[in-house]
Amino acid sequence: MSPRLSTIDGAGHQLQRDAAAAFRRAEQAAGRDLPITSAYRTAADQRYLYDGYVAHRSGFNFALPPSRSNHCKGIAIDVARGGRTWLARHGREYGWQRDANEGWHFNYVPSADQHCDDGGAGGTTDADDRPHRSSTQHRILSVGSVGSAVEALQRGLDAAFPAYAKLVVDGRFGKGTAAAVKEFQRRSGLTADGVVGPATRAALRRSGVRL
């Protein structure tokens, strides 16, 4: 069974609801957004990363199988450089413990969370407290996303828009893919944020790109 998830940022990253509340409390204490590149992953996405790691594919880092991954449990985040230092220094009191071998990876440990009863801005709402939809039809894709939907996006952009910079079809949503999405959004009259949400997905579909 998938964990009950709550969205934690504009890019659509999700965490298990208690971990999400703890992350919001940490951001509130930091006084700013703590940018992340990955949070909850479906078993399929984690399997994709694990298989790439086992096969020694270029660009694939160490990854656990889905059954052992805290990302699949919704209690792990990969943090961008702009947020790692603060979370490494202060995150422990909010339950976020840094992995000793991966400086960008933090796991939520409820027993270490000193603020779990604070409530307020860190809490979840009924709208947030909902099961995750694993179907790619409803997924938001952004920097840090991985898997077959990203591969389909990359192949589709390359095929439909050959004038754009050629993308590496590797199933990993990086800066190059984000740049291509932004260019597509600009030409389509959409907000150029590099995030494939419902409006961008619909525009891609009209252009022959199906995810």
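The values are calculated or read from the model by the stated rules, or taken from the named source; none is laboratory data. Just so it is clear, the structure is predicted and the values come from calculations on it, not from any experiment. Positions of Cβ are generated from backbone atoms using ideal geometry, with glycine treated the same way; all protein chains shown enter the neighbour counts.
Considering region 56-89 alone, what residues qualify as being among the β-branched types (Val, Ile, Thr) and either under 13 Å from the mean Cα position of the chain (by Cα) or surrounded by 20 or more Cβ atoms within 10 Å (Cβ to Cβ) (or both)? Within region 56-89, Ile75, Ile77, Val79 meet the criteria. Evaluating Asp117 against the criteria (1) in a loop (DSSP other than H, G, I, E, B); (2) of a type in the set (D, E, K, R); (3) modelled with pLDDT of 95 or more leaves one unmet condition, (3).
Out of Arg32, Arg89, Arg57, report the one residue that is farther than 16 Å from Tyr108 by Cβ, modelled with pLDDT under 90 and outside the structural domain of Val168 (by TED's automatic domain parsing). Steps first, answer last, please.
On the way: Arg32 fails: modelled with pLDDT under 90; Arg89 fails: modelled with pLDDT under 90.
On inspection, the qualifying residue turns out to be Arg57.
With respect to the stated conditions, Ser6 fails to be part of a loop (DSSP other than H, G, I, E, B) and among the hydroxyl-bearing types (Ser, Thr, Tyr).
When the residues of region 34-50 are narrowed to those that are assigned to a loop (DSSP other than H, G, I, E, B) and in contact with a Pro (Cβ under 9 Å, 6 or more places away or on another chain), which ends up farthest from Gly12 (Cα to Cα)?
Of all residues in region 34-50, those assigned to a loop (DSSP other than H, G, I, E, B) come to 34-35, 39-42.
With in contact with a Pro (Cβ under 9 Å, 6 or more places away or on another chain) added as a condition, the list becomes 40-42.
Numbers: Tyr40: 10, Arg41: 12, Thr42: 14 Å.
If we take residues in region 34-50 being assigned to a loop (DSSP other than H, G, I, E, B) and in contact with a Pro (Cβ under 9 Å, 6 or more places away or on another chain), then Thr42 is farthest from Gly12 (Cα to Cα).
Pairs are defined by a Cβ separation below 6 Å, a sequence spacing of at least 6 or placement on different chains, a first member in region 175-192 that is in the same structural domain as Val143 (by TED's automatic domain parsing) and crowded, with 19+ Cβ neighbours inside 10 Å, and a second member that is aliphatic (A, V, I, L, M) and part of a helix (DSSP H, G or I); the pairs so defined are Ala180/Leu157.
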